[in-house]
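What follows is calculated from the coordinates using simple rules that are stated; it is not laboratory data. Remember, it's a predicted structure, so these values are computed and weren't measured experimentally. A quick note on method: Cβ atoms are made from the backbone with ideal geometry, for glycine too, and the neighbour counts reach across all protein chains shown.
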């Protein structure tokens, strides 16, 4: 039965390379997935293609879509994104799975709007930290500011990714990195609403995805876990998080 598949997590958690690795190493599992293409107010990143990654449009155009019937829209770290809901129906009616890969704000919006209640769904959250690590860091005796800790983890990942993409970073690049890194803890607060959480330390900044053709390290484990979930199996490496493990998302 065709279903809605949501793969989400903070920026630079590894969602993009995981999707590419699935296509390369598990084409039979990737083939049924048809990507949902959202409208996005931001400019394309290096290598992104209009109409394939997103429909890149001026913000005022997406604001009009947000006010139109049949669209849902939300702010995503300062960018405005919109999805035409009929796209989900068209994909599912064709027999394919409707696949979303991106931020957790859109899945949260789909839950709020009751969209996830209308379709069979598999929801997976990719986290830069495991449940055990979060419990360890949250122990008051360690006096760790979890927000600053998570922000620093993601800032380093985003700096490595963006430097690899652009070599020289502008002031807007640095501001964008800071906005994304600062949002990560809030986004982890949505993880408990997903069916499964896959801990993954090899984010988009890691060469473990493709430097050796075959994934190694956490990239290997993450790919194996996601492939198993798509195949209807639940491997030991995946987690389910309880509400309150991290501060509630706003």
Members of region 78-119 that are within 17 Å of the chain's Cα centre (by Cα) and in a loop (DSSP other than H, G, I, E, B): 78, 103, 104
Test for residue 122: is it surrounded by 13 or more Cβ atoms within 10 Å (Cβ to Cβ), touching a helix residue (DSSP H, G or I) at 6+ places or on another chain (Cβ under 8 Å) and assigned to a strand (DSSP E or B): yes
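Out of region 125-139, which residues are buried (at least 19 other Cβ atoms within 10 Å of the Cβ) and outside any helix (DSSP H, G or I)? If you could, list the steps in order and put the result at the bottom.
Filtering region 125-139 down to residues buried (at least 19 other Cβ atoms within 10 Å of the Cβ) leaves 125-129, 134.
Across region 125-139, the qualifying residues are 125, 126, 127, 128, 129.
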Number of the condition not met by residue 29 [criteria: (1) farther than 17 Å from residue 104 by Cα; (2) buried (at least 20 other Cβ atoms within 10 Å of the Cβ); (3) in contact (Cβ under 8 Å) with a residue 24 or more places away in the chain]: (2)
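Yes or no, residue by residue, for (1) in contact (Cβ under 8 Å) with a residue 60 or more places away in the chain; (2) buried (at least 20 other Cβ atoms within 10 Å of the Cβ):
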| site | (1), (2) |
| --- | --- |
| 178 | no, no |
| 182 | no, no |
| 186 | yes, no |
| 191 | yes, yes |
| 195 | yes, no |
| 206 | yes, yes |
| 209 | yes, yes |
| 212 | no, no |
| 221 | no, no |
Test result for residue 153, surrounded by 14 or more Cβ atoms within 10 Å (Cβ to Cβ), over 20 Å from residue 40 (Cα atoms), in contact with a helix residue (DSSP H, G or I) (Cβ under 8 Å, 6 or more places away or on another chain) and without any contact (Cβ under 8 Å) to a residue 40 or more places away in the chain: yes
Which numbered condition residue 80 misses (of (1) in contact with a helix residue (DSSP H, G or I) (Cβ under 9 Å, 6 or more places away or on another chain); (2) closer than 25 Å to residue 181 by Cα; (3) surrounded by fewer than 17 Cβ atoms within 10 Å (Cβ to Cβ)): (3)
Filter result for residue 29 (over 15 Å from the mean Cα position of the chain (by Cα) and under 24 Å from residue 162 (Cβ atoms)): no
Residue ID - surrounded by the fewest Cβ atoms within 10 Å (Cβ to Cβ), chosen from residues in region 164-173 that are touching a helix residue (DSSP H, G or I) at 6+ places or on another chain (Cβ under 9 Å) and free of Cβ contacts under 8 Å to residues at least 40 places away in the same chain: 169
